[in-house]
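Everything below concerns the one structure shown next.
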Amino acid sequence: MTTTPDLAPARERAFFRTTITAMAVILVAGFVLQLVMGRSSFGAPLVVHLHAVVFMGWVAILVSQAWLAAGGGVKLHRTLGAVAVVWMLAMLVLGPLVTFAAARAGRVPFFFQPQHFVLANPATMLGAFGLFVAAVILRKNRDWHPRLQIGAFTLLMGPGFGRILPMPFLKPFAFEIATGVAVIVPLIGIVRDWRVRGRPHPAWLWTIAVLVGTLVLSRILADSPVGAAIFAAVTAGSPAAHTDGLSYPNPPF
């Protein structure tokens, strides 16, 4: 009976480790599939490569932290946590830069409206950043911290799912579907908590609320004069200037 109090935290850490690892595998699989099918290459602009290195680096840090926490490597886990803060700040800068560069060059995927793309990508990035900051603030809380970390990762799963799903057939809500399908992660967390704890942890509900909120807000803004003004400011002086931001780009074929 003396070991019972330690079993639940150990099993919980194992659950967090498995969840984060599975999310990372899905994300990487999406990009690998994209490369294997010839839909991407290494000839992209430098900012795209920088974003890829930082983004995948953050995923690697998060997975490493999950395994360290599950294995008892608390000291190194905390050290990597400090690195993750700097890494997330870099993502917060490079994410929008890549989005704006694609819009300015007319390289927005043909199943997205450029005006919506310019708003939705930074919105999900900001949502993820907000959950990540909350996780850092609550880093000493074993209940909130890992769940909020998973929540931040959830909002960044769109690019991975978007490279696996049949995106051209999902218009006009391709972005919402690719990003929103990640809601399966907090839903699994809710079911797991309900079975183990008797109730879902509020962190999962916050994740769902932020995910839905960013998608709804970015769609509303994209269809408004505010969205048009932002798109015009982003594309000013570029080949995409004065184009209709709500018209879908022509397919490459």
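Annotations for the structure displayed:
- Ranked V226, V185, V59, criterion: other C-beta atoms within 10 Å, fewest first: V226, V59, V185
- The stretch 11-235: equivalent-ellipsoid semi-axes (sqrt of 5 x gyration tensor eigenvalues, Cα, Å): 29, 19, 17
- Inter-part distance where the stretch 42-91 and the stretch 175-220 are each reduced to a Cα centre, Å: 23
- Calculated from backbone phi, Karplus (6.51, -1.76, 1.60) coupling profile of the stretch 61-69 in Hz, x at Gly/Pro: 5, 5, 5, 4, 4, 4, 6, 5, 5
- Using just its DSSP H runs of length 4 or more, each adding -39500 (n - 2.57), the chain gives a mean residue ellipticity at 222 nm of -24500 deg cm²/dmol after division by all residues.
- Angle in degrees between helix 225-235 and the longest Cα principal axis of the chain, rounded to the nearest 10: 80
- Radius ratio Rg over Rh of the stretch 208-253, counting only Cα atoms, Kirkwood formula for Rh: 1.08
- Think of the stretch 2-152 as having a plus end and a minus end, set by charges on the Cβ of Lys, Arg, Asp and Glu; of L94, P114, L76, L76 sits farthest toward the positive end of this dipole.
- Efficiency of FRET between S238 and A82 - r from beta-carbon atoms, R0 35 angstrom, step 0.05: 0.40
- Förster-model FRET efficiency, 41 Å R0, L97 and L187, C-beta, rounded to 0.05: 0.80
- Taking other C-beta atoms within 10 Å as the exposure proxy, H77, H49 rank H49, H77 from fewest upward.
- Under the convention that each Lys and Arg Cβ holds +1 and each Asp and Glu Cβ holds -1, the size of the dipole of the chain around its Cα centre is about 660 debye.
- Among residues other than A120 with Cβ under 15 Å from its Cβ, the summed charge is 0 (Lys and Arg +1, Asp and Glu -1).
- Acute angle (nearest 10 degrees) that the helix 114-137 long axis makes with the longest principal axis of the chain, alpha-carbon atoms: 20
- Angle in degrees between helix 74-104 and the longest Cα principal axis of the chain, rounded to the nearest 10: 10
Bear in mind these aren't lab numbers, they're just calculated from the coordinates by the rules spelled out. Source: prediction; values computed, not measured. No Cβ is skipped: glycine too gets one built from the backbone with ideal geometry, and neighbour counts run over all protein chains shown.
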